Every structure is written in structure tokens, then in C-alpha cells.
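Below is one structure, written out as C-alpha cells, with a few remarks after it.
The values are calculated or read from the model by the stated rules, or taken from the named source; none is laboratory data. Since this is a predicted model, take the numbers as computed values, not measurements. Positions of Cβ are generated from backbone atoms using ideal geometry, with glycine treated the same way; all protein chains shown enter the neighbour counts.
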Amino acid sequence: MVFFESFNPEKDIPDLTGKVIIVTGGNAGIGFTAVKHLAKRGAKVYLGARSDDKAKAAIERLTAEGIGSGEVHYLNLDLSDPKLAKAAAEDFLAKETRLDVLVNNAAQTLIPYKKTLYDIQDVVLVNYFGTVTFTLGLLPLLEKTAKESGTDVRIVNVITTGIKLVPAGKRFRNREDFNEEYAKSYFPKLTRYTSSKLAVTIWTRELQRRLDEKEIPIIVIASDPGGVHTDGNKNYARQQNAIVSRLYIAVSYLFFRSAEKGSYGSVFAAASPKVREDAKAYRGAYLNPDRKNLKAPNPQVYDQDLAKELWQTTKTLLTEIGVWQDVI
């Protein structure tokens, strides 16, 4: 299963002409390079971002660097409020009649503890609830596309190796469980971020299970890019003392990938023929370039009771907000 040493998007991804793809958080970092690789192969890619100026600057840069026969369009997407995430999905549905691939890449990383809306902490609203709402809003179109002849529809949720840091016994019974501060953790910001991504990883498997039950041929993958030089990591390091900043520089130099290489997992999960050829192995799988198998580093990912609890509480909270979509 280790493919990154030889994987080359320009050679190993087929012609994507006619395919429509969304990459959230596509204006920078891993998302930006994923957009570039997919567009270069001929896809029509929607770059999801909440900043008009940053999105337009990214598209100008992509055009200047060359995207071959592909297209890149801006989709205004703000995941910090599920209502706005739902509106963005509706906006897309008004533009397109098909969707082949959704890459949920956008995320908040190491931010202070804050509950701006709905009494849910911000990092969880963006990384989990906003992403879930956006995905469910697009699911009917993804399903419609999947039923067409010759299609290969996928959902890729970008997560993190850091889910292994979330302590055993994590629960998703109510709003309070989502709002856990991890104040006693050595790195509370990191643990809150990785906890939100654990929820995404568990939800990935539960969504796949539900799709399989209805025999809907969509493949859902949790893609972990491994250690990458992201802007979020760099900004966090700059905010720390000199020792931590220097340690980050040393570790990143020795072990981290560039954003270019970091996007390979997302691109592989989104478009490699190998995924469909071995669909049974990749359905609901955890994909990490540093691991020799498709097994997640936190056993809680495979707790079916926890997955059902997560799904039910997600439904309850999103119903309270007024955006739940009973589409699967």
C-alpha cells in the first residue's frame, strides 16, 4: 500500500476531462497543490474558500503556473457556520449537474478555545460540523452522478496523524463532549484540533457504511498527508518561544514534506485508478503515506457504537441549528 515513493500525479492520474471536483481550502497549502494536479489532468475544479481575495489570487497563480486543459472556479465557502456551509452547497447545486469528487481539505488548526456560534467551539464547527453539513448538502448530486454509467465518485476527507493523540474514552454524547477543552493536556490546542479530526475520521467510516447499505457506489476515504510544512504549523511555531520555534524548524527540515508532496495523498484518493480497482480495501479507509497498511492509528476509529453515537448527536445538534439534511 505504500505508493508515495513512486507516485507521480502527472503520470499516475488518468485524464479527468469532463469530471467536476470540489477542493475546499484550495487557496493555499495542500489544497492549492491538489487543485493544481487535478486541473492539470483536465478536471473542472471548484476551489472552495471563504476569502474572495485569497481565492482569486490563488486562481491567478494557478493560471500563471499552467493548468493545461483544466478549469478552476471559485466557490465561496465558509465552514465556520453550518448555515453558510449549507448555502454554499446549494450555490454549487445551482451551477452544476454533476459532482465526481469532493475533497474536504479546509480546516482550522491550532486556534484558541472559543465558542463563536451555537455554543460549539470554533475548531469543531469548521472541521467537523461545517464539513459534514457541506458534504450532506452535496450528497444527492454525488449519488446521482455515481448512478451514471462509467462514473467513479469519491469523497476524500483530509485528516491528521494526530488523531492518535486523542485519549481513549472519547465520547460524542452531547454538545459538552464536542466542547472538551483538554486543559490538562500538554498541548490543548493540538488535542482539540486532533479531536475534531478524530470525529471526521469516525464519520468517514460511518458514512461509508451507510452508503454501502444502500449500495451507493461512492468511495469515502480519510486521507492523512503525514507531516507537512503547512502555514498553520509555521504560524503556530512563530507564536511559541524561541526553543519551540527552533525545534519546529529542525523537525520540519528532517521529517516534513512540502505542500506539493503533502497533497499526493488527497490526489491519489481523489483520482487514482488503484482506488476503484481495489474498492473493497479503500472504502472508509484511513490512508497515510507513512504507514504500510490502511489502518488508523487510534482504535476508537473502529468503535461502531461510538460511530453511531457520533452520527446521532451530530443529527441532533445540526437539527437544532436548522441545517440537518436526512439524505442517507
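Counting only residues that are out of contact with any strand residue (DSSP E or B) (no Cβ under 6 Å at 6 or more places or on another chain) and within 17 Å of residue 197 (Cβ to Cβ), region 295-310 holds 11 of them. Residues that are out of contact with any Ser or Thr (no Cβ under 9 Å at 6 or more places or on another chain) and either modelled with pLDDT of 95 or more or not charged (D, E, K, R) (or both) within region 279-299 comprise 279, 280, 281, 282, 283, 289, 293, 294, 299, listed in sequence order. Only residues that are closer than 18 Å to residue 54 by Cβ and surrounded by fewer than 22 Cβ atoms within 10 Å (Cβ to Cβ) were counted across region 76-90, and they come to 4.
Put simply, of 98, 50 the only residue that is crowded, with 18+ Cβ neighbours inside 10 Å, basic (Lys, Arg) and more than 19 Å from residue 201 (Cβ to Cβ) is 50.
Restricting attention to region 129-167, the residues being more than 24 Å from residue 264 (Cβ to Cβ) and polar (S, T, N, Q) number 3. Inspection of region 290-313 identifies no residue that is farther than 16 Å from residue 205 by Cα and crowded, with 20+ Cβ neighbours inside 10 Å.
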